[in-house]
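Heads up: the structure comes next, in structure tokens.
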Amino acid sequence: MSLLSPESLSALLALTFLEIVLGIDNILFITLLSNKLDAKNRKQAIRIGLILAMGLRILLLLGLTLFIEMQEPLFSFQHPLVSLSPTGQSLILFLGGLFLIYKATKEIYERVELPDDVQKTHRQRSSLSLSKAIIQITAINFVFSFDSILTAVGMTNGLEHAVLIMGVAIVVSVLIMMLFAGPVGGFVSKHPSLQVLGMAFLLLIGFMLVTEAAHLSHAQFLNRKIGSIPKGYLYFAIAFSLVVEFVNMRIRSRVRS
């Protein structure tokens with residue numbers, strides 16, 4: 001089958017679209033983290049973050065054999081209440097999910113509970129350097145890359161030139177995201193309500209990664225298997241929340257005028 005065959009092209013288009021949707025996670029985290037930087041470093045952090053996202057995905061593709069080997073259970077734990085067989089992939093997703101839950105909860109608490117003057121002082125003390133921001137972006141990109149490649153492998157299973165199709169989809173999707181990440185980041189930074197909503201999305205994505213890790217570990221609780229959360233539900237909730245927030249912003253702008 002040729003790379004330009006209808007089947008290959010349709011798979012490429014579908015996978016590119018899906019990679020863009022999955023890239024919302026990356027853009028959200030990178031945007032919210034870059035807001036802690038001074039203005040001159042924000043664009044650079046977003047650009048570097050998305051280039052790292054593309055590079056890590058391509059590296060995982062090149063090491064696809066090692067990636068597949070990480071599906072093998074590392075050990076098995078059996079108990080009347082809980083049983084699981086963690087894999088390398090599930091541990092990475094689990095740790096990444098916990099990190100997102102911690103980061104989002106901490107940011108939401110600071111913005112909602114702390115007084116404005118305390119927030120300002122706290123932000124000055126906890127302001128990030130570009131190097132620290134890149135380290136955090138790299139760590140979470142690694143987790144998102146695993147989740148992205150898992151989905152891509154499932155979509156292209158059985159196709160010829162599957163690795164090439166995944167590679168092209170990754171490069172095209174990241175280039176498209178780089179075009180829109182700057183304007184999106186600038187818009188979000190001007191609207192505090194969108195920043196809190198973005199952190200809530202990260203909290204939701206972190207929970208999804210934890211349940212995905214449990215699913216990959218074949219975890220059971222009270223003899224009930226823990227399934228993964230369909231990503232369609234997650235992104236529908238994000239899209240619906242954004243529509244509601246945009247309506248609220250429109251109403252608020254009319255009241256002010």
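Just so you know, all these numbers are worked out from the coordinates, no wet-lab data involved. Keep in mind that this is a model prediction, so the values were computed, not measured. Cβ sites come from the backbone with ideal geometry, for glycine too, and all protein chains shown count toward neighbours.
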Q) Label-point separation (nm) for SER76 and PHE17, each offset 7 Å from Cα along Cα-to-Cβ? A) 4.2
Q | Highest to lowest packing among 74-83, 129-138, scored as the average C-beta count within 10 Å | A | 129-138, 74-83
(Q) What's the whole-number percent of alpha carbon pairs in segment 1-101 lying beyond 21 angstrom? (A) 58
Q: Order these peptides, 45-55, 220-230, by their mean beta-carbon neighbour count within 10 angstrom, highest first.
A: 45-55, 220-230
Q) How large are Rg and Dmax for the chain when only the alpha carbon atoms are used, in Å? A) 19.7, 64
Q) In nanometres, what is the gap between the two model label sites at TYR109 and LEU95, each 7 Å from Cα along Cα-to-Cβ? A) 2.3
Q) Spin-label point model (7 Å from Cα, Cβ direction): what's the ASN223 to ARG254 distance in nm? A) 5.7
Q.
What number does segment 150-257 give for Rg over Rh if you use C-alpha atoms and the Kirkwood radius?
A. 1.09
(Q) Filter LYS40/LYS231; LYS103/LYS190; LYS36/LYS225 down to the pairs with a C-alpha to C-alpha distance above 29 Å, please. (A) LYS40/LYS231; LYS36/LYS225
Q | Helix-only [θ]222 nm of the chain, DSSP H runs n ≥ 4, -39500 (n - 2.57) each, per residue, nearest 500 | A | -27500 deg cm²/dmol
